[in-house]
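Asker: Quick one: structure below, then a few questions.
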Amino acid sequence: MEDFQYLWNQVKSKLQEQLAPQTYEQTFSEVKYVGKVENNIGYVIVPNDLIKKKLNHIFINNIQQLTKKISNKNISFKFVLESEIKQTQIPTYSKLSNNNLNPNYSFSSFVVGESNRFAYLTAEKVAEQPGIFVNPLYIFGGVGLGKTHLMQAIGNYIIENNPETKLVYVQANDYLHDYTKATRDNNMKAFEEKYENIDVFLIDDIQMLTEKNGTQQQFFKLFNDMSNHEKQIIITSDCAASKLNGFMDRLTSRFQMGLSVNINQPDLQQRINIIKKKLEESSNKKLDDDIILYIAESFTDNVRELEGALNRVILYADLYNTSPTLSMARDALEVLIKAKKPIDDNPNYEDALSVIANMYNITVADILGNSRLSKFVLPRHIAMYILKNHYNLKCTQIAKILNNKDHTTILNGCKKISNELETNEDLKIAIDTILKKCR
Ligand code: ADP
Ligand code: MG
């Protein structure tokens, strides 16, 4: 427990360095004590529901990154009210385990409709009979449509039914990074330990597994080894296997050996159901039907954006301490909806924003916002750079799109990226990938 308290104090002082003083003061000043430790999770006591929500939903990724950086262990923090600590079980968090799956990504929290029914039914079967029903399962579809959620739902189900399963979930670019690092440092041991004797392998966003130093060859070996032993492989991708660019043919043909399922954009009814489900999950918040309809009609093609819009409305209402109204929802979402509309003769810049948001697992709202958390700042700078250099927008136009930042902020952001590009190969790959996807 003392270790956790010490670590939390350290995380807090890092946050104090990163955040605007007012934000830090308002959110973290009363968040001091670790009240309980269980399964490598420190439960930190918060003074009220609003702060709890802010921490668990808005700051959580940043806190996790800092924790990992400082402790180098598989430790995390959750934020709870004191009354919750007193109960012996904390139901929502009790399922967390060490395989870095998000416990909220379950089958029961996944809303099924025409756009994803086949994928969902297949996923359930794979979860019931891993390694037997189909191998590999290849899930593809556009950004923010629930591929990661569905894949992790399979993982969570398997672990719940058989906790002994060695399951690895990895983003393809992290796999690439792990392998490149192992070969560069001439240290294969850690890499092999992580990827050996796996029962279930979930590899997310396979399109990122660009060829580097024989990475695809290495993955090919792992793939064959696993499928020969009837070990389940699940892959997600932004396109069909046959359309993957820059992949070895024998790899893409292996991907096609199993079953490919597609997730499409949800229709209006499904979007409404998704909003209702998310409301239910966030401690039974209520929204009037006209507000739900307004959000569902305004955000049509990406569930992550839809969710981001919903959270924004709820947060707005929380901050003003009233129940949400339609006109408040309009206010809260105005900038996001404006950003979706093309300006003048640059019809596609909003694609770039959503591609960037998706790549960094944040929302367009985060890019347009003002948070100085590092996980938002880099993507925001990349957005500035791309809008300026590839969409040829003027700084004043970009400033307007990015929610009225001033034009020197934009210039500085662009400069940061240009400088960084001179030495940072990963960033170059990231930007090339974004541009490729925007075309
Ligand atoms: P992708 O991996 O396809 O980019 P994600 O799985 O990350 O998308 O989904 C983005 C967000 O939208 C997640 O928070 C996820 O829970 C939510 N989401 C997507 N589809 C659904 C769905 N059918 N039901 C409930 N939530 C969904
Ligand atoms: Mg994903």
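The values are calculated or read from the model by the stated rules, or taken from the named source; none is laboratory data. Bear in mind the structure is a predicted one, so any value in this text is a computation, not a measurement. Because the Cβ atoms are built from the backbone with ideal geometry, glycine has one as well, and the counts that use them run over all protein chains shown. Keep in mind that these areas ignore ligands, DNA and RNA; they rest on the heavy atoms of the full protein, side chains included. Shrake-Rupley method; radii C 1.70, N 1.55, O 1.52, S 1.80 Å.
Asker: Which of the residues spanning region 124-159 are within 13 Å of ligand 2 (Cβ to nearest atom), of a type in the set (A, V, I, L, M) and more than 23 Å from F220 (Cα to Cα)?
Answerer: Within region 124-159, V143, L145, L150, A153 qualify.
Asker: Need the failing condition index for E114 against (1) over 22 Å from the mean Cα position of the chain (by Cα); (2) in a helix (DSSP H, G or I), just the number.
Answerer: Of everything listed in (1) over 22 Å from the mean Cα position of the chain (by Cα); (2) in a helix (DSSP H, G or I), E114 misses just condition (2).
Yes or no, residue by residue, for (1) free of Cβ contacts under 8 Å to residues at least 12 places away in the same chain; (2) aromatic (F, W, Y); (3) surrounded by fewer than 20 Cβ atoms within 10 Å (Cβ to Cβ):
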residue	(1), (2), (3)
V46	no, no, no
I51	no, no, yes
H57	no, no, yes
N61	no, no, yes
Q64	no, no, yes
N72	yes, no, yes
E82	no, no, yes
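Asker: Take the residues in region 227-281 that are in contact (Cβ under 8 Å) with a residue 60 or more places away in the chain and of a type in the set (K, R); name whichever of them is farthest from F140 (Cα to Cα).
Answerer: Top of the filtered list is K277.
Asker: Next question, about the same structure. Determine which single condition V303 fails, assuming it passes every other condition in (1) in contact with a strand residue (DSSP E or B) (Cβ under 9 Å, 6 or more places away or on another chain); (2) within 9 Å of ligand 1 (Cβ to nearest atom).
Answerer: Single failed check for V303: (1).
Asker: Shifting gears a bit: Right, L259: at pLDDT below 95 and within 27 Å of F107 (Cα to Cα) or not?
Answerer: Spelling it out, it is not the case that L259 is at pLDDT below 95 and within 27 Å of F107 (Cα to Cα).
Asker: For residues that are touching a Ser or Thr at 6+ places or on another chain (Cβ under 7 Å) and near ligand 1 (Cβ under 8 Å from one of its atoms), scanning just region 110-150, find the one that is least open to solvent (accessible area, probe 1.4 Å).
Answerer: K147
Asker: Can you name every residue in region 245-265 that is within 16 Å of ligand 2 (Cβ to nearest atom) and farther than 20 Å from V126 by Cβ?
Answerer: Across region 245-265, the qualifying residue is only Q265.
Asker: Then there's this: Restricting to helices (runs of 4 or more DSSP H) lying wholly in region 279-389: which have 1 or more residues that are open to solvent by 50 Å² or more (accessible area, probe 1.4 Å)?
Answerer: In region 279-389, the matching helices (runs of 4 or more DSSP H) lie at 289-298, 303-320, 326-340, 349-359, 374-389.
Asker: Does Q152 fit the bill of being part of a helix (DSSP H, G or I) and over 22 Å from S253 (Cβ atoms)?
Answerer: When the stated conditions are applied, Q152 passes them.
Asker: State all residues of region 185-220 that are without any contact (Cβ under 8 Å) to a residue 12 or more places away in the chain, farther than 24 Å from I158 by Cβ, assigned to a helix (DSSP H, G or I) and open to solvent by 70 Å² or more (accessible area, probe 1.4 Å); if no residue qualifies, say none.
Answerer: K189
Asker: Which of the residues that make up region 159-176 are in contact (Cβ under 8 Å) with a residue 60 or more places away in the chain and under 22 Å from the mean Cα position of the chain (by Cα)?
Answerer: I159, L167, V168, Y169
Asker: Here's a follow-up. Look through region 8-38, keep the residues that are in a helix (DSSP H, G or I) and either of a type in the set (D, E, K, R) or in contact with a strand residue (DSSP E or B) (Cβ under 7 Å, 6 or more places away or on another chain) (or both), and return whichever of them is least open to solvent (accessible area, probe 1.4 Å).
Answerer: W8
Asker: In region 108-123, which residues are within 16 Å of ligand 2 (Cβ to nearest atom) and of a type outside the set (S, T, Y)?
Answerer: Once the filter is applied, which keeps residues that are within 16 Å of ligand 2 (Cβ to nearest atom) and of a type outside the set (S, T, Y), region 108-123 yields F110, N116, A119, A123.
Asker: So, D267, is that one within 12 Å of ligand 1 (Cβ to nearest atom) and over 21 Å from the mean Cα position of the chain (by Cα) or not?
Answerer: Answer is yes for this residue.
Asker: Can you name every residue in region 221-247 that is within 16 Å of V134 (Cβ to Cβ), open to solvent by 10 Å² or more (accessible area, probe 1.4 Å) and assigned to a helix (DSSP H, G or I)?
Answerer: If the condition is that a residue be within 16 Å of V134 (Cβ to Cβ), open to solvent by 10 Å² or more (accessible area, probe 1.4 Å) and assigned to a helix (DSSP H, G or I), then S227, N228 are the ones that fit.
Asker: Please work out which one of (1) within 16 Å of ligand 2 (Cβ to nearest atom); (2) part of a helix (DSSP H, G or I) is the condition Y179 fails and give its number.
Answerer: Every listed condition holds for Y179 apart from (1).
Asker: Within region 413-423, which residues are out of contact with any helix residue (DSSP H, G or I) (no Cβ under 8 Å at 6 or more places or on another chain) and either surrounded by 12 or more Cβ atoms within 10 Å (Cβ to Cβ) or among the hydroxyl-bearing types (S, T, Y) (or both)?
Answerer: K415, T423
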